[in-house]
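Structure first, then comments.
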Amino acid sequence: MSFPVRPPVSYKGEFPTYAQPAEITSYSIDHNRQVWFDDRELKYYYPPNGKDLYVGFDKFIKRDESIPEHIDTLLDALTNARQKASNPQLAQADIVTWRGIMTKIMCTPTTRNEPWMLRATRHKNTIYIEEQAMDEKKRNEADLPIKEQMQCYGGYRFETLCTLSKPPSKVQKGDPELLQRLNDSADTNIQYCVVVKTKLGKNSLIMGAEVDCSRDVKRVGEKSNPLQNYVELKTSRLIENSRHQSSFERFKLKKFWAQSFLVGVPRVICGFRDDQGLVQSVEEFKTMEIPRMVRNKPGLWEPVVCLRFANEFLDWLQTVVVEDDPTVTYIIEWKAPWHEITIRKESIPQPFITQRYIDGETSHEIGGPRVSSSTSSYKSLE
């Protein structure tokens, strides 16, 4: 079975409904990759007092991405949220996935050269989606020249230069943390994640997303909206000519907007670096104003195309991922010649839902047994 990907112009029209995202819960992953259902790893934005993005590259601690973590932490966070909530239905949705996966889907009609592969499974009428790492992508990343590795590192280093462990109101001149971050390296084992709920068209969505930092103290409660203070931190090459400008608008701004819009993050702060890895300027973009920057420019993306395509894709997915059994998985693939997205049932069962999720349990450890066919249909999530 396949889903045709038409030219972008065919997706123009009225915007589908997209509900204001609401945070369900949040959690932290520490330097040992242990999961904590609290805000201990939440960082706060504070303007950078340094420029060098390549400092500490030799001490870079990079998460071992050869170890598949699936959507384990997201599932544990949902279980924890259901246990704490007075209304467990708040943590139920038609689709459960990562924000990054929805970003790939939304950008697909205007990105015809970036393949992706997903795995999907249905359980109790919810479709769960994870990304399947592609062998070619793994090889390419492993063989990156040192210069490109340093540029990738620079993005993480920028986060180090822009964040502190305390709110800005508590930072004083000469704070030791301000000095420390000048020489700090990056550690991608550490993450702070939120889980949000929204609705696209007729499909309710729950997405997990890593959040770089907050502008203020996080407040929780019935009337609070922690999403309004979150900030995405990005880096990009310094724009020096029209070609750089076109590339930035066509590729970077599209992803900046999609990532932040999906989970209701209102601001993107970007450090523009030169070829030596020095930040030459820092600029703030308001998420909802980004589409205006590319409006009516020939050959560029439009938000309505992204949203209408994603809406149609999710509606189609509901009609093909039909077997309600978490031990049954479907492979969804987008690749050359870029005409259609294909789906097939996996011939050898490789479930990615954890058994503890089925049993309504959580763990501080990522990993653990996957659901087995003997128990998948009989345990309650409640």
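The values are calculated or read from the model by the stated rules, or taken from the named source; none is laboratory data. The structure presented is a predicted model; accordingly, all values stated were derived computationally and were not measured. Because the Cβ atoms are built from the backbone with ideal geometry, glycine has one as well, and the counts that use them run over all protein chains shown.
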Scan the range 219-231 residue by residue and report those that are crowded, with 17+ Cβ neighbours inside 10 Å and out of contact with any Cys (no Cβ under 6 Å at 6 or more places or on another chain). 226, 227, 229, 230
Is it the case, given these coordinates, that residue 60 is surrounded by fewer than 18 Cβ atoms within 10 Å (Cβ to Cβ), at pLDDT 90 or above and of a type in the set (Phe, Trp, Tyr)? yes
Residues to consider are 250, 181; find the one that is charged (D, E, K, R) and closer than 25 Å to residue 57 by Cβ. 181
Checking residue 245 against (1) under 29 Å from residue 310 (Cβ atoms); (2) touching a strand residue (DSSP E or B) at 6+ places or on another chain (Cβ under 7 Å); (3) modelled with pLDDT of 95 or more: exactly one of these is not met. Which one? (2)
Out of 372, 376, report the one residue that is surrounded by 14 or more Cβ atoms within 10 Å (Cβ to Cβ) and either at positive phi or at pLDDT below 95 (or both). 376
Can you tell me which residue is farthest from residue 259 (Cα to Cα) among those in the range 306-352 that are surrounded by 16 or more Cβ atoms within 10 Å (Cβ to Cβ) and hydroxyl-bearing (Ser, Thr, Tyr)? 327
Filtering the range 289-337 down to residues that are β-branched (Val, Ile, Thr) and touching a Pro at 6+ places or on another chain (Cβ under 6 Å), which residue is nearest to residue 124 (Cα to Cα)? 327
Looking only at the range 231-248, which residues are more than 30 Å from residue 216 (Cβ to Cβ), charged (D, E, K, R) and under 25 Å from the mean Cα position of the chain (by Cα)? 237
Checking residue 192 against (1) more than 25 Å from residue 73 (Cα to Cα); (2) within 19 Å of the chain's Cα centre (by Cα); (3) of a type in the set (Ser, Thr, Tyr), only one condition comes out false. Which one? (1)
Output for Cβ contacts, cut-off 8 Å, separation at least six or different chains, first residue modelled with pLDDT under 95 in the range 211-236, second basic (Lys, Arg), reads 226/218; 226/219
Look at the range 347-364 and say how many of its residues are modelled with pLDDT of 95 or more and more than 30 Å from residue 40 (Cα to Cα). 1
Are there any pairs, at least 6 apart or on different chains, whose C-beta atoms fall under 8 Å, with the first in the range 1-17 and at pLDDT 95 or above and the second small (Gly, Ala, Ser) and not in a helix (DSSP H, G or I), and if so, which? 16/201; 17/201
Would you call residue 292 modelled with pLDDT of 95 or more, surrounded by fewer than 13 Cβ atoms within 10 Å (Cβ to Cβ) and at negative phi? yes
Provide a single number: the residues in the range 258-277 that are closer than 22 Å to residue 216 by Cα and either part of a helix (DSSP H, G or I) or polar (S, T, N, Q) (or both). 5
Across the range 6-55, what is the number of residues that are on the phi < 0 side of the Ramachandran plot and under 23 Å from the mean Cα position of the chain (by Cα)? 32
Please tell me if residue 63 is among the basic types (Lys, Arg), part of a loop (DSSP other than H, G, I, E, B) and closer than 30 Å to residue 351 by Cβ. yes
May I ask you to verify whether residue 234 is basic (Lys, Arg), part of a strand (DSSP E or B) and surrounded by 19 or more Cβ atoms within 10 Å (Cβ to Cβ)? yes
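This table checks each residue for (1) at negative phi; (2) at pLDDT below 95; (3) surrounded by fewer than 22 Cβ atoms within 10 Å (Cβ to Cβ).
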| site | (1), (2), (3) |
| --- | --- |
| 71 | yes, no, no |
| 78 | yes, no, no |
| 83 | yes, yes, yes |
| 87 | yes, yes, yes |
| 92 | yes, yes, yes |
| 96 | yes, no, no |
| 99 | yes, no, no |
| 104 | yes, no, yes |
| 114 | yes, yes, yes |
